[in-house]
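Derivation of every value follows stated rules applied to the coordinates shown; laboratory data play no part. Bear in mind the structure is a predicted one, so any value in this text is a computation, not a measurement.
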Amino acid sequence: MVDKKIGVASAGDLTRHLVEGLYEIRIVEGCCADSEKTTGWEVPHFIYDKVGVDWLLGRILAQDTVLATNFVAPAGTAVTRDLLERIRSCRIKPRQIMSPLSCKSLPKNGGVCADCYGLSPTDSAQLPAGYPVGILAAQSIGERGTQLSMRGFHTGEREIDLEDIRTLILNVCNPEDARALLLGQLAEQARAKTMGEVDFSSAFWDLILSVEAYRKDVNLKHFELLLAALHLEKGVSFGLKRRASDTSRRGFLAVTSYGRTASVLRKAVLKAIPDTAASQKTSLMLDRGHDRP
């Protein structure tokens, strides 16, 4: 019973961090491409090996894809069910797709474009501006963690310690720590491959895709959005905690709801830090959420 309470509480805490860290990420425009030539995310081969091709449904191709001698799916084409069946039958895997990991809107506007995120899974329509894709990703990833904790208590099965994922997402800040986590918790997988330099992104995908429930039940775009939000620079992650507590990005009022309320308010007063209420969280706290999309 103690294990159940601790495990579920840990999973719930992870969900809270995810929601706070991804809260402001929304659809900000239709397409971020500023020219006819679009550079998408080069999909690693192991993604297809572990997840298959079903996750491509609703995604936008970033380059022309030859699926037969007389059929080419041009760049900018959305993957429909018919096109997905063509991809599956001819065993051709798109090399580049539009993705939050390659979206130009995220560093510029703090959100992603509709094309990079992909079509709505409910009606295959382009998502409107303002759609809270960050919160959707946080809940999808976090709730699956809670279910894994509950299943581990009732069945005794434990695919992976949730603390490994918490450490990687919230606290790991450099390639050396990512490599240590990969070597320590995924030792068998690590020994089976040539161990060169392991960056944060490699450790992230190795750890996430080792969990069957994540591979089968969580749309890959949610993990792409999370990885894109972790401020990767030259393989280095600054962690979700730092993102959620960044007053320069979110404003100090939004950060007070995340933690260290007294400390954040004291610093804001002493240093006369302004808050423009640009954050969606601040608008909600001030009961002005209806003024924003």
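Cross-linked pairs Lys221/Lys267; Lys108/Lys221; Lys50/Lys108; Lys93/Lys241; Lys104/Lys216; Lys93/Lys221: Cα-Cα separations exceed 26 Å for Lys221/Lys267; Lys50/Lys108; Lys93/Lys241; Lys104/Lys216. Entry note: the range 245-291 has Rg to Rh equal to 0.96, where both radii use alpha-carbon atoms and Rh is the Kirkwood radius.
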